[in-house]
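**Student:** Sharing a structure here in structure tokens format.
FYI, it's all coordinate maths here, none of it is from the lab. Treat the numbers as computed from the prediction; the structure is a model and nothing was measured.
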Amino acid sequence: MGSINPQGGTQGGANIVGGGMGEGPGPDIMAAATLDGNKVMSSDGEHVGKISDIMLDVRSGRIAYAVLAEGGFLGMGANLHAIPWSALTLDTDQKCFFVDITAQRLKDDPGFDKDHWPVMADAKWGMSMHTYYNRDPYWTATHYVVESDSSIRPSEH
């Protein structure tokens, strides 16, 4: 397997690689339900699970996390992991996501089960998840974009 080398960065979102353009609106804008069940590969090429949910920050209108289901059978006994959306790369050729973390590091994350979800709106929990995946928290992405891009920064009159 070759390494993922996204062409250009994103501002807090998932990267997209590959030349795959299917029918419909994808891959830049897609229905969240079409991504449920997509296979997830680790940075070292191991199949680590599937996307089970995409979590939205309802107040800001941004994707907060993808929930990865690891292990289990038919959804039973799966260990769940919240992965910052920016830690993922959608590969349209292979029709899967790559997560920017090794399989062992993902397995070392204790995750949670379907009956004991964390409080994802808790900033302390969110910061720890983003730190684990070496990402800036999604709620700071807009601030950085506005501050660094004079074309969208409010004018100073």
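**Student:** Which of rounded, prolate or oblate describes segment 54-134 when judged by the alpha-carbon gyration tensor and an a/c cut-off of 1.5?
**Tutor:** Note, shape of segment 54-134 comes out rounded.
**Student:** Using each residue's phi in segment 119-129, evaluate 6.51 cos²θ - 1.76 cosθ + 1.60 at θ = phi - 60° and report the 3J(HN,Hα) Karplus result to the nearest Hz, with x for Gly and Pro.
**Tutor:** 7, 5, 7, 6, 4, 5, 4, x, 4, 5, 5
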